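A short write-up of the structure that comes next.
The values are calculated or read from the model by the stated rules, or taken from the named source; none is laboratory data. What you see is a predicted model; the values in this text were computed from it and never measured. Cβ: placed from backbone, ideal geometry, glycine included. Neighbour counts: every protein chain shown. All accessible areas refer to the heavy atoms of the entire protein, side chains included, with ligands and DNA or RNA removed. Shrake-Rupley method; radii C 1.70, N 1.55, O 1.52, S 1.80 Å.
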Amino acid sequence: MSELFRAFRIHRDDKTVSGRLESLTLADLTPGEVVVRVEYSSINYKDALAATGAGRILRSFPLVGGIDLAGEVVTSDTASFAPGQKVAAVGAELSETRDGGYAEFARLDAGMLEPLPNALDTRSAMAIGTAGFAAAVAVHRLELNGQRPEHGPIVVTGATGGVGSLAIDILATRGYEVVALTGKSESKAYLESLGASEVIDRTSLTLGDRPLESARWGGAIDNLGGDVLAWLTRTTKPWGNIASVGLAASPKLETTVMPFILRAVSLLGVNMEVGPKLRAEIWQRLATDLKPGHLDAIVTREVSLEELPACFAGYLDAAEVGRTVVKIG
Ligand SMILES: NC(=O)c1ccc[n+]([C@@H]2O[C@H](COP(=O)([O-])OP(=O)(O)OC[C@H]3O[C@@H](n4cnc5c(N)ncnc54)[C@H](OP(=O)(O)O)[C@@H]3O)[C@@H](O)[C@H]2O)c1
């Protein structure tokens, strides 16, 4: 196929990183065994960092942006995938070491792709995307470590963001009492519509500085890091679990060992490098028992490739609410 197609490609000219729409052919893309016609992608915080150069995400230039994609297999050099199959890729180093999902076609190796469960169409898969996959891994890890609804409320920080919104939805749908911590008090109704039973304004928080504060939370999913994560360690109940997903506020964590020793609190890491077995299991669970119940409310915007470049600034300013899906095909 030598036809031209549209792509949002990120360049580094001198020391300035910027992205633009271009026409490419398949031969311009990172090689791979499977050619996918991309139907949808999405915008994550990391995409905004990558496209603007605000964070060092790309390890070579130029690359097509977009850490997520979902679409249909066009050709396949491997028996694992067949033309016509619906697939998705998240956490596959797209827009880091290889071309990503902001293009009408992608070439990927079989190990980077997941066949979509029948219950998930490509748009729903991208409404979930990296954000929802990370939220599901966080819930999976909390529960593997014994977390149950009867242990008390789960705090979700960075609540209006992609990971936060999906974490609230998945937890509430699963029967947890969910407390949303947000910097956007005006989004209270949105967070309650996803299932949050309480919304706390982050600016009104008294973080305290004692090694242990009054224990209030059964557990937490944290997207912020820094002082808020430290506060979570001090305020989680005995045997509670905190999943550390993000660093939207800070990569630092200053706390003491007291929550771990005196309350047996666990701090659990989350990343996207889960291996093929767990990756398939998480996608399957996202279509069944971890299926978000409010995806329509969480997708606050659908944009075209042409509209995409104007969308990144809002992510860097923490101004966005919910998820943006990018319609590609
Ligand atoms: N570990 C992993 O595998 C993994 C996977 C996906 C994402 N992440 C990370 O998880 C975090 C959330 O990702 P996302 O895609 O959900 O991002 P997002 O959609 O941009 O949401 C981030 C949210 O965090 C809050 N926030 C942002 N900047 C802040 C600041 N300076 N101080 C305090 N709060 C701030 C805001 O929510 P409120 O206004 O509601 O507080 C914002 O909406 C990011 O750090 C991302 O890199 C990690």
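Of note:
- The set of residues from segment 55-66 being in a loop (DSSP other than H, G, I, E, B), touching a Leu at 6+ places or on another chain (Cβ under 9 Å) and closer than 16 Å to residue 20 by Cα comprises 65, 66.
- Out of 229, 224, 212, one residue alone is open to solvent by 40 Å² or more (accessible area, probe 1.4 Å) and touching a Leu at 6+ places or on another chain (Cβ under 9 Å). It is 212.
- Condition check for residue 324: open to solvent by 10 Å² or more (accessible area, probe 1.4 Å) and in contact with a Ser or Thr (Cβ under 9 Å, 6 or more places away or on another chain): no
- Screening residue 319 with (1) under 20 Å from residue 188 (Cβ atoms); (2) free of Cβ contacts under 8 Å to residues at least 40 places away in the same chain; (3) more than 16 Å from the ligand (Cβ to nearest atom); (4) among the small types (Gly, Ala, Ser) gives one miss only, at (3).
Yes or no, residue by residue, for (1) surrounded by 20 or more Cβ atoms within 10 Å (Cβ to Cβ); (2) in the same structural domain as residue 20 (by TED's automatic domain parsing); (3) in a loop (DSSP other than H, G, I, E, B):
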position	(1), (2), (3)
250	no, no, yes
289	no, no, yes
303	no, yes, no
310	no, yes, no
313	no, yes, no
319	no, yes, yes
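- Strands (runs of 3 or more DSSP E) enclosed by segment 163-244 - at least 2 residues per element that are within 13 Å of the ligand (Cβ to nearest atom) and closer than 23 Å to residue 272 by Cα: 217-222, 236-244
- Total residues in segment 149-162, condition in a strand (DSSP E or B) and either farther than 21 Å from residue 136 by Cβ or away from the ligand (no atom under 13 Å from the Cβ) (or both): 1
- The numbered conditions (1) farther than 17 Å from residue 70 by Cβ; (2) without any contact (Cβ under 8 Å) to a residue 40 or more places away in the chain are all true for residue 304 except (1).
- One residue stands out among those in segment 256-276 that are in contact (Cβ under 8 Å) with a residue 40 or more places away in the chain and farther than 15 Å from residue 138 by Cα: the one that is least open to solvent (accessible area, probe 1.4 Å), which is 259.
- For the residues 71, 91, 100, the requirement of being within 16 Å of the ligand (Cβ to nearest atom), of a type outside the set (A, V, I, L, M, F, W, C), open to solvent by less than 10 Å² (accessible area, probe 1.4 Å) and touching a residue at least 24 places away in the same chain (Cβ under 8 Å) singles out 100.
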